[in-house]
Every structure is written in structure tokens, then in C-alpha cells.
Amino acid sequence: MSTHNEHELNAYRDRLLSLLTRVRTAPDLPSLDADFYIVLGWISAGHCLDAISIGASDSLHNLVLNASQYRSAEFAHQAEAQRLARAQERAA
């Protein structure tokens with residue numbers, strides 16, 4: 001049974017959502033990497049403190065992993081597009 005009141009749990013969930021949003025909208029790869037590990041730490045801490053259930057913890061881990069992979073793929077696509085544009089400029 002959690003020793004946290006509803007206000008504390010809501011604030012914790014809001015913070016996790018904010019951190020997840022940072023992962024999904026990271027401006028660059030180093031920010032994404034940092035935010036990814038910050039979120040994982042918060043999820044682990046939340047579970048250890050009994051602020052979130054193990055099922056919620058697993059779901060959040062999956063969300064963070066999927067968001068990170070999606071954002072990494074976006075960065076890879078952007079880098080490839082920039083590389084192709086530079087190659088075309090050099091060829092012109």
C-alpha cells in the first residue's frame with residue numbers, strides 16, 4: 001500500500017509525463033540520450049517508492065523505449081537527408 005497521498009501521486013505522474021514528452025521531442029541525440037536515462041530512473045524510483053505499480057512501470061518503460069526509438073529514427077532520417085543534400089551540392 002502506498003504511503004503517498006493522491007496529490008503526490010498526481011504530481012509524480014505529471015512529472016513522468018513531462019519527462020516522457022521531453023524524450024519524444026528531444027532537440028538532438030545527446031538530449032534524447034540524457035532524458036531517456038532520466039525517465040528510466042524516475043520510473044524505477046517510482047516503483048521502488050510504491051508510487052507506481054509494476055504493471056504501470058512496465059508500460060512506462062515500453063512507452064519510453066518506443067518514444068526513444070522513434071525519435072532516434074527521426075534523427076537518423078534527418079542526418080541521412082542532410083548527407084544527401086550535401087552530396088548533391090558537391091556534385092552540382
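The values are calculated or read from the model by the stated rules, or taken from the named source; none is laboratory data. Bear in mind the structure is a predicted one, so any value in this text is a computation, not a measurement. All Cβ positions, even for glycine, are placed from backbone atoms using ideal geometry, and neighbour counts span all protein chains on display. Heads up: the accessible areas ignore ligands, DNA and RNA and are worked out on the full protein's heavy atoms, side chains in. Shrake-Rupley method; radii C 1.70, N 1.55, O 1.52, S 1.80 Å.
Given the condition open to solvent by 40 Å² or more (accessible area, probe 1.4 Å) and within 28 Å of N10 (Cβ to Cβ), answer yes or no: does some residue in segment 70-84 qualify? Don't jump to the end; show me each part of the working.
Applying the first criterion (open to solvent by 40 Å² or more (accessible area, probe 1.4 Å)) to segment 70-84 yields 70, 72-74, 76-84.
Okay, now just the ones that are also within 28 Å of N10 (Cβ to Cβ), so 70.
Yes - at least one qualifying residue is present in segment 70-84.
Within segment 2-23, track down each residue that is open to solvent by 60 Å² or more (accessible area, probe 1.4 Å) and at pLDDT 90 or above.
Result: T21, R22.
Take A91 and decide whether it is open to solvent by less than 80 Å² (accessible area, probe 1.4 Å) and among the aliphatic types (A, V, I, L, M). Show your work before the answer.
Details: open to solvent by less than 80 Å² (accessible area, probe 1.4 Å): no; among the aliphatic types (A, V, I, L, M): yes.
When the stated conditions are applied, A91 does not pass them.
Hey, can you tell me all the residues within segment 29-67 that are in a helix (DSSP H, G or I), among the charged types (D, E, K, R) and open to solvent by 60 Å² or more (accessible area, probe 1.4 Å)?
D33, D58
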